[in-house]
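First up is the structure itself, then whatever we jot down about it.
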Amino acid sequence: MKLFLKRIQIVMFVLFSTFLFFSCDSLLNKMAGNEEDLPFISGVNHSTDDPLTAGTAVDFTFECNDLDIIRVSYQDTEKEIEYEYIRKGADGKYSQTLWIPKKAKKMQFYIVPKGGDIYDENQWKVRKTYTINGDYSFGDFTIPTDTDYAKAWSYRTNEPEAEVKTWIADSTLEATRKANPYQYVKDVSEKIKAAAPTDKFKQVKMVHDLLALLIPYDVVGVNKEPMPPQDYWTVLQNKVGVCQGYALTFNKFCEMMDIDCDYVFGYGRGETHAWDIVKIDGKCYLIDCTWDAGYGAKNEAEVLEFKERYSTAYLFLQPELFGYSHWPKYDTDKRQLTSTAVTYDQFKDFVSVSSYFHAVTPRNKTLKLGEKNKFQILTFDDSDIEEVFIGCILEDSSSGYYRIKKEDKTNETFVKTDKSIYSLEVTVPEKMTITKDGQTIESAVKEVRIFYKSKADGKSYTAATYTPAK
């Protein structure tokens with residue numbers, strides 16, 4: 001009897017183990033996205049032979065009744081570099097022209113079953129994979145010379161190109177933007193190349209102007225969890241986006257016009273942020289279309305709204321000022337475009353500035369006295385600024401600040417060297433001579449401040465404060 005019961009137990013254990021194995025195997029298959037467990041895609045066609053080629057446009061068509069959307073992921077050898085979505089057309093089919101990024105080594109189609117949450121990354125499953133043929137490399141991150149910057153800065157006009165305004169107002173182009181963003185990018189790119197056939201700086205500025213004027217920042221979507229898709233197709237079609245959307249769309253235009261462009265992800269003033277680097281004549285320049293489009297501000301009802309404010313403040317901006325508020329997370333040293341890179345801890349410790357100003361150099365909170373320093377300030381709006389100057393707070397004085405005295409008085413005040421940049425090169429002394437209690441004494445400099453004088457009330461306000469290095 002005992003032997004019989006033991007045999008029953010063994011049989012039951014085998015049956016249970018077999019059931020458990022197949023159940024787990026089925027679950028693992030679903031998690032892995034095996035084709036048997038996913039909605040079927042039929043009629044997958046594209047206009048070139050496999051493998052596909054990076055930097056080319058490909059027409060894809062799909063037929064599938066069980067899907068709401070298809071996600072296309074472009075990857076290099078390590079990570080995803082770009083993505084976009086294919087949505088069902090009026091005819092019930094999926095059909096879209098896909099521009100394969102130059103950096104892509106692999107292209108994968110992801111799907112979510114009908115009714116699933118497309119914002120839940122765990123629900124996306126790989127359905128089809130293509131190998132991409134191409135060996136594109138952005139190459140070296142070469143820092144421009146002063147002569148290079150002198151040319152680039154001539155395009156920082158704080159005025160958008162007239163042709164760009166015309167294209168935005170063009171009803172035919174607007175209809176194309178809504179119906180087929182890929183075709184819109186292609187059509188506008190052709191217009192840009194026709195308007196500036198050999199001038200890459202102007203071509204880049206036109207793309208910058210288009211996005212800064214056309215796309216409002218998504219003050220609602222930026223706080224959603226998860227955030228709405230930021231691929232170029234969605235951003236252009238919905239005419240709204242956040243920093244990632246601006247940067248990816250800018251990148252797409254550049255690819256269409258054969259301009260080397262590097263999408264950069266990192267931090268902007270402590271928050272995650274995205275921007276671009278373009279290569280013109282072998283030299284790299286930084287661009288942030290997002291911050292040149294406008295800013296968020298609360299209205300009377302305390303609701304955050306987007307305020308349009310076109311600017312070229314972050315177009316071809318020198319790395320010393322750009323890096324004050326932007327820190328790239330990947331290839332950090334290269335993408336700062338400076339001879340000496342800063343760490344994230346140093347970046348977080350940069351001196352704070354008043355609301356009128358958006359960047360200042362030297363960038364950290366300390367300053368070595370007795371040596372010549374080049375101070376620079378970046379501002380979007382200087383309509384209320386009469387002058388910018390440097391003052392010292394002294395150890396033995398309680399009467400405010402003392403200006404640095406120079407025989408040439410013009411050296412005391414910042415000079416506007418650009419549409420948005422004020423500069424001053426000066427040596428801040430270790431001590432200053434003052435009169436205290438009827439006696440002339442030398443007092444050590446305790447603090448160095450950059451001030452600006454308001455046109456509205458004639459008063460001086462602090463723009464930035466430095467603590468001298470010991």
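The values are calculated or read from the model by the stated rules, or taken from the named source; none is laboratory data. These numbers were taken from a predicted model, which means no experiment stands behind them. Cβ sites come from the backbone with ideal geometry, for glycine too, and all protein chains shown count toward neighbours. Just the protein is used for accessible areas: all its heavy atoms, side chains included, with ligands, DNA and RNA removed. Shrake-Rupley method; radii C 1.70, N 1.55, O 1.52, S 1.80 Å.
Remark: the chain carries 50 Å² of accessible area per residue (probe radius 1.4 Å; ligands, DNA and RNA excluded). Taking amide hydrogens as modeled 1.01 Å from N in the peptide plane, which residues meet the under 5 Å criterion relative to GLU305, leaving out close sequence neighbours? HN-HN under 5 Å from GLU305: ALA297, LYS298, ASN299.
Amide H contacts of LYS446 (H built 1.01 Å from N, in plane; Pro and chain starts excluded): ILE393, LEU394, GLU395 sit under 5 Å, all sequence-distant by 5 or more or on other chains.
Amide H contacts of VAL58 (H built 1.01 Å from N, in plane; Pro and chain starts excluded): LEU98, TRP99, ILE100 sit under 5 Å, all sequence-distant by 5 or more or on other chains. Spin-label model, ASN133/LYS106: points 7 Å from Cα along the beta carbon direction are separated by 2.0 nm.
Summing charges over all other residues whose Cβ lies under 13 Å from the Cβ of PHE265, with Lys and Arg as +1 and Asp and Glu as -1, gives -4. What pairs in LYS103/LYS186; LYS405/LYS453; LYS298/LYS348; LYS151/LYS416; LYS252/LYS419 have C-alpha atoms more than 21 Å from each other? Cα-Cα > 21 Å for LYS298/LYS348; LYS252/LYS419; rest within.
Computed in the context of the full set of protein chains, the accessible area of the chain at 1.4 Å probe radius has 49% of its extent on carbon or sulfur.
Here the mean projected area of the convex hull built on the C-alpha positions of the chain is 35.5 nm². Projecting the Cα atoms of PRO160, PRO113, GLY134 onto the charge dipole of region 86-169, computed from C-beta unit charges around the Cα centre, puts PRO113 farthest toward the positive end. Taking other residues whose beta carbon is less than 12 angstrom from the beta carbon of PRO216, and scoring Lys, Arg as +1 and Asp, Glu as -1, yields 0. Of all DSSP beta bridges confined to the chain, the antiparallel ones make up roughly 95%. Charged side chains reduced to their Cβ positions (Lys and Arg at +1, Asp and Glu at -1) give region 269-390 a dipole of some 640 debye around its Cα centre. When each of the peptides 331-338, 231-238 is scored by the mean number of other C-beta atoms lying within 10 Å of its residues, the order from highest to lowest reads 231-238, 331-338.
Estimated from helices alone, the mean residue ellipticity of the chain at 222 nm is -8000 deg cm²/dmol (sum of -39500 (n - 2.57) over DSSP H runs with n ≥ 4, per residue).
Of the residues VAL222, MET206, TYR285, the one whose Cα sits farthest towards the positive end of the charge dipole of the chain is VAL222 (charges of +1 on Lys and Arg Cβ, -1 on Asp and Glu Cβ, taken about the Cα centre). Under 8 Å for C-alpha pairs, at least 6 residues apart: give me the relative contact order for region 252-317, rounded to a whole percent. Contact order relative to length: 22 percent. When both region 454-470 and region 173-207 are represented by their alpha-carbon centers, they are found 43 Å apart.
From the alpha carbon centroid of region 212-244 to that of region 369-388 is 33 Å.
Look at the alpha carbon pairs under 8 Å that are at least 6 residues apart: their mean separation over the length of region 106-253 gives a relative contact order of 19 percent. A full extension of the chain between THR56 and ALA179 corresponds to an added length of 42.2 nm, given 0.36 nm per residue minus the alpha carbon distance.
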